[in-house]
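> Dumping the structure here so I can ask a few things about it.
The values are calculated or read from the model by the stated rules, or taken from the named source; none is laboratory data. These numbers were taken from a predicted model, which means no experiment stands behind them. Because the Cβ atoms are built from the backbone with ideal geometry, glycine has one as well, and the counts that use them run over all protein chains shown. Side chains are part of the model used for accessible areas, which takes the heavy atoms of the whole protein and leaves out ligands, DNA and RNA. Shrake-Rupley method; radii C 1.70, N 1.55, O 1.52, S 1.80 Å.
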There are 2 protein chains.
Amino acid sequence: MLDQETARERALEAAEELFYSRGIQAVGMDAVRNASGISLKRLYRLFPSKEELVLEFLRQRDSRWQRALASYVDAQSRTEERIAAVFDWLYKWFSEPDYRGCAFINSFGELGAVSPEVAEQARHHKKAFHDYLAGLVRASGRPAELADQLALLAEGAITTAAIFGTPEPAHQAREAARFLMHTHPGPDLPELRR
Amino acid sequence: MLDQETARERALEAAEELFYSRGIQAVGMDAVRNASGISLKRLYRLFPSKEELVLEFLRQRDSRWQRALASYVDAQSRTEERIAAVFDWLYKWFSEPDYRGCAFINSFGELGAVSPEVAEQARHHKKAFHDYLAGLVRASGRPAELADQLALLAEGAITTAAIFGTPEPAHQAREAARFLMHTHPGPDLPELRR
DNA sequence: ATGTCGCGAGAACGATCGTTCTCCGATGGT
DNA sequence: ACCATCGGAGAACGATCGTTCTCGCGACAT
């Protein structure tokens, strides 16, 4: 018999895989049951409703995503390379065979108008990403507007890569980011300082 | 009695309003019937299935969107101003009270994994936008990669404005676009040519 | 061994959805 | 005036979904 914690983990694992790959409304609780091996009764004891399961899926995805990005970026020490690493990580992400865009953008488009909690999760996730970028930009001594612009490039790359099924937008965004960083030179680009 | 053509128009009008504002799966055919005043029987004679109605909604939205953008941009004659006008038009669009992002990104996230035709419509729409930008960039004598980058900025602004509910991303994207245009100077920016 | 409790398997239930059908009134041609 | 045809309103149907309930088995305490 599975203890409560691992049952919860397996349920969320299956939910993440299914919701992300097929969309939320296209996946019934029966599909989560079949994929996870957790009975409906137990699913409903762990999560009082499908909406709660969806929200937990989004919360888990948010923290995993942030952790994966940060641990990749942290391998770089110079701040420009850390910023560039964000786009390299995006390239890696886009190259995964079952990449299907940003789960939060997708959920927002599907349920944002009908579920305020889903909309709030999307805002939270995007704000966290923006704040993370803002921290990197700030550490490089550049103005805050650069973080806004880099965030737009990243978001655009995420949806363009999803719709066209190619990771190339990550490279295009990285190039654009490089140019924008040069127009906002920071103290660690001495060759561009005047 | 409504002739077939105006019945079709009213049905599509109601479908566009409902699908865009609430999402596709959240809108039943009964809601389209109530909003349009077109009976179910007639709806199903005009569109053999909900999927066909959805696809027609997307096709109509695509051509309207392209027309609205182009007619706004065409008010400018200098090519830099035409490119900047793209982002000004986005600002206007984002400021509409019922703005809820790009119908194609939303539909792709909701149904792209389950309906190849919907995914194809999204690709078609995004490719048309990219091609349009590429034409503007080309006319300004700048390299094609700039069009890729501007497209990413625009896409990022579209989703960011939707999720945060503010039109500001259009201005941020416009600023970034200005910088990128300066790093790719064209023949109509003589003061920057060397 | 017996009784009890918790659990999984899956049936069941009520709601909703896409789609079709029935009924009936209106319309137009002769 | 009469008949045939069309269309609207909405009931009906079958499928699916979220959620709950029933049943029966196995574990564990005494």
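> At 10 °C and 1.306 mPa s, grab the translational diffusion coefficient of the range B:1-129 from Stokes-Einstein with a Kirkwood Rh over Cα pairs, rounded to a whole number in µm² per second.
In µm²/s, the coefficient is 100.
> With every protein chain present, what accessible area does B:His171 have (1.4 Å probe, heavy atoms only), rounded to the nearest 10 Å²?
Near enough 80 Å² of accessible area.
> In terms of the Cα gyration tensor, with a ≥ b ≥ c the square roots of its eigenvalues, is the protein assembly as shown rounded because a/c is under 1.5, prolate because a/b exceeds b/c, or oblate?
Oblate shape, in that a/c is at least 1.5 and b/c is the bigger or equal ratio.
> Please compute P(r) over all alpha-carbon pairs of the range A:1-48, binned at 5 Å starting from zero, and give each bin as a whole-number percent.
Over the range A:1-48, the share of Cα pairs per 5 Å bin runs 5, 24, 35, 23, 10, 3, 0 percent.
> In addition: Explain nothing, just the number: relative contact order of the range B:8-110, from Cα pairs under 8 Å at least 6 residues apart, as a whole percent. Mind dumping the intermediate values first?
Details: 62 pairs, mean separation 28.4, N = 103.
In percent, rounded to a whole number, it is 28.
> Helix B:168-183 versus the longest principal axis of chain B: what angle, 0 to 90°, nearest 10, using Cα atoms?
Tilt relative to chain B: about 40 degrees.
> Quick one: label points 7 angstrom along Cα→Cβ at A:Arg64, distances to the other copies in nm, smallest first?
3.8
> What's the angle, to the nearest 10 degrees (0 to 90), between helix B:50-73's Cα axis and the longest principal axis of chain B?
30
> Based on the alpha-carbon gyration tensor of the range B:104-185 and its eigenvalue square roots a ≥ b ≥ c, which shape applies: rounded if a/c is under 1.5, prolate if not and a/b is larger than b/c, or oblate?
Oblate, since a/c reaches 1.5 and b/c is not below a/b.
> Mean separation of Cα pairs under 8 Å and 6+ residues apart, divided by the residue count of chain B: what relative contact order is that in percent?
19
> Compute the acute angle (0 to 90°) between the alpha-carbon long axis of helix A:79-94 and the principal axis of greatest extent of the alpha-carbon atoms of chain A; round to the nearest 10°.
Around 40 degrees separate the two axes.
> Less than 17 Å apart at the alpha-carbon level, and either on another chain or at least 8 residues along: which lysines does that give for B:Lys41?
Reachable lysines: B:Lys50.
> May I ask for the net charge around B:Trp65, where only other residues with Cβ less than 12 Å from the Cβ of B:Trp65 are counted and Lys, Arg are +1 while Asp, Glu are -1? Display every interim value, and only then the final one.
Working: positive: B:Arg59, B:Arg61, B:Arg64, B:Arg67, B:Lys126; negative: B:Glu16, B:Asp62.
With Lys, Arg at +1 and Asp, Glu at -1, the net is +3.
> From largest accessible area down, sort B:Tyr44, A:Tyr91; use a 1.4 Å probe on the protein chains. Display every interim value, and only then the final one.
Details: B:Tyr44 105, A:Tyr91 65 Å².
Descending accessible area places them as B:Tyr44, A:Tyr91.
> Right, next: Per residue of the range A:104-119, what does 6.51 cos²θ - 1.76 cosθ + 1.60 with θ = phi - 60° give for ³J(HN,Hα)? Whole Hz please, x for Gly and Pro, Karplus curve as stated.
Karplus-based 3J(HN,Hα) across the range A:104-119 equals 7, 4, 5, 5, 5, x, 7, 10, x, 7, 10, 10, x, 5, 5, 4 Hz.
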